[in-house]
């Protein structure tokens, strides 16, 4: 399985047979590692409704025919935008042709910004994605919470994708604890250096992980890793 970091919290996962995007915020992303008009997708997984995570979902889904998977309230809103959706919710799992998806807790917000004001977007979430015997956990935007220990206990996580930007999410110190609780074999830091408010040193974070025998992958946007 190949994972490509696309900047901010966006990643692309190539399973060999399918390409899955998670939180494809590319247009307006100053560190985007791909062009929204060219990126391929068979499916799009969303962690929550904020614009820096939903991003280019509607345009990409309409162009590619990708199925969009999201919590029920966000999926309902996206369906009204004319894209094919599969609604899910926290604790639920489903086996798709492209892989197995389960939604977990996350602690954050999830409003949808529209011209007429903020629309309720359901709960924020994390996503466990399994394909080809490998499991990725994209935590979405979240603070540190104790049930990460349970997620780590009941899942063998090959790669955890964790926010480290602080201010809106966990900072690096809490993300190191999260990686330990999740028992992750490797960690990809995200949601940092997109804007000055969330500036962090990805390599320093990776070094803190290495001290705990966890592989840290501070990829540049467009960079890939095989897991």
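Throughout, read-outs are computed from the coordinates displayed, never taken from laboratory work. Fair warning: this is a prediction, and the values are worked out from it, not measured in the lab. Cβ coordinates were reconstructed from backbone atoms using ideal geometry, including for glycine residues, and neighbour counts include every protein chain displayed.
Counting other Cβ atoms within 10 Å as a rough exposure proxy, the listed residues 104, 64 run 64, 104 from fewest neighbours to most. Semi-axes of the equivalent ellipsoid of region 84-177 are 23, 20, 11 Å, computed as sqrt(5λ) over the eigenvalues of the C-alpha gyration tensor in descending order. Among 100, 138, sorting on how many other beta-carbon atoms sit within 10 Å of each Cβ, with the fewest leading, yields 100, 138. Beta bridges per DSSP, both residues in region 2-219: antiparallel share near 60 percent. Taking the chain as the reference, fit the longest principal axis to its C-alpha atoms, fit the long axis of helix 172-182 to the helix C-alpha atoms, and give the angle between the two in degrees, 0 to 90, nearest 10. Its long axis makes an angle of about 90 degrees. Within the listed set 150, 164, 198, the Gaussian network model of the chain (springs between alpha-carbon atoms below 10 Å) gives the highest mean-square fluctuation for 150. The GNM of the chain, with springs linking C-alpha atoms under 10 angstrom apart, assigns the highest mean-square fluctuation among 192, 120, 103 to 120. Ranked by how many other Cβ atoms sit within 10 Å of their own Cβ, fewest first, the residues 18, 89, 50 fall in the order 89, 18, 50. Using the Cβ-Cβ distance between residue 199 and residue 51 with R0 set to 25 Å, the FRET efficiency works out to roughly 0.80. A Förster radius of 22 Å combined with the Cβ-Cβ distance from residue 31 to residue 62 puts the calculated FRET efficiency at roughly 0.35. Over the chain, dividing the summed -39,500 (n - 2.57) contributions of all DSSP H runs of at least 4 residues by the number of residues returns a 222 nm mean residue ellipticity of -5500 deg cm²/dmol. With a Förster radius of 22 Å applied to the beta-carbon distance between residue 215 and residue 14, the computed FRET efficiency rounds to 0.65. When the chain is treated as a Gaussian network with alpha carbon springs shorter than 10 Å, the biggest mean-square fluctuation among 114, 142, 194 belongs to 114. Under the simplified labelling scheme, the residue 95-residue 147 pair shows an inter-label distance of 2.5 nm, with each label point 7 Å from Cα along Cα→Cβ. Here each label is just a point 7 Å from Cα along the line to Cβ, and for residue 207 and residue 168 those points are 2.7 nm apart.
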